[in-house]
Amino acid sequence: ILLNLLSNAVKFTEQGKVKLSCFLKRKEEGREYIGIVCSDTGIGMSEEMKQRLFVDFSQEDESFQRKYGGSGLGLAITNELIKLMNGTIEIESEKNKGTTVTVYLPYQEAKEAQPLVPEQKEIDLSILKQKRILVAEDNQFNRLLLEMIFQKHHFSYSMAMNGIEAVERAEAEDFNIILMDIQMPEMDGIEAMKIIRQKNNKHQALILAVTANAIKEELDDYLQKGFDDYLTKPFDEAQLLNKMIDVFKKKASA
């Protein structure tokens, strides 16, 4: 929910600010409500757009999808998640003045101490240390997350914001592995992967499909199309590193 709200706010705010705040609303029948407010000074929405926002999942203008990418499903999916958690969502927006989204989520107070999270096994990163990584990702928050992980481990990496940039970078430099987001503006990840495969016969980088799609049949279809493996969003640091290590080990054993 937070990823969708924040990525939308940043995506549609070219100037100004995005603010996220959180508070406890009230307590009734043993439940407290977490209030989450995400506000921005971006392009905003018309009253008509607000009315149909959760109905047909439409973006206000087809040019938005070309410019900003994505399917326009983000808020609709967010709304369904909130309903599953017995929460509510409220949207205030004015064209060219910004948007404020308020979410209320109930939770039950814990009666006992929560169990400790088991320690994660240390990951052997030696296989990744000398590798060159290309990330093709249009979402600013996802790029920031990956940059933080790669900088933490001193990996060598480059960033591309769409499929066209990914193709250009892969043609100009040699990469060992490419993390290819599927849904991107200008050119999607599948088309970019196919072009890179055609042009880059010399070094054959490993290419991972990175997607929010969790349907097994469609994930398997990415492998049929030419990807070496896939990584589903949202992922954490350990999942990312282990997946990258696995594909290099599979290549070495093959």
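Report note on the peptides 168-177, 97-106: ranked by the mean count of other C-beta atoms within 10 Å, highest first, their order is 97-106, 168-177. With all protein chains in place and ligands, DNA and RNA left out, the 1.4 Å accessible area ranks Phe23, Phe12, Phe227 as Phe23, Phe12, Phe227, largest first. Straightening the chain between Leu84 and Thr100 buys 3.6 nm, computed as 0.36 nm per residue apart minus the Cα-Cα spacing.
Only Cα pairs under 8 Å and at least 6 apart count here; give the relative contact order of the chain as a rounded whole percent. Across the chain, relative contact order equals 15 percent.
Of the whole protein surface, Tyr107 contributes about 80 Å² of accessible area at a 1.4 Å probe radius.
Computed from the C-beta positions of Ser126 and Glu48, the FRET efficiency with R₀ = 41 Å rounds to 0.15.
The dipole here belongs to the chain: it is taken about the Cα centre, uses +1 on the Cβ of Lys and Arg and -1 on the Cβ of Asp and Glu, and is about 560 debye. The alpha-carbon atoms of the chain define a convex hull whose volume equals 167 cubic angstrom per residue. What is the sum of charges, Lys and Arg at +1 and Asp and Glu at -1, for the other residues whose Cβ falls under 14 Å from the Cβ of Phe248? Value of the local net charge: +3.
Annotation: amide H-H contacts under 5 Å for Ala160 (H modelled 1.01 Å from N, sequence separation of 5 or more, or interchain): Val135, Ala136, Glu137.
What you get for the range 74-165, charging only the Cβ of Lys and Arg (+1) and of Asp and Glu (-1), is a dipole of about 320 debye around the Cα centre.
Here the extension length gained between Leu20 and Lys251 equals 78.9 nm, from 0.36 nm per residue of separation less the Cα-Cα distance.
The values are calculated or read from the model by the stated rules, or taken from the named source; none is laboratory data. What you are looking at is a predicted structure, and each value in this text was computed from that prediction instead of being measured. Note that each Cβ is placed from the backbone with ideal geometry, even for glycine, and that neighbours are counted across all protein chains shown. Surface areas here come from the heavy atoms of the whole protein model, side chains and all, with no ligands, DNA or RNA. Shrake-Rupley method; radii C 1.70, N 1.55, O 1.52, S 1.80 Å.
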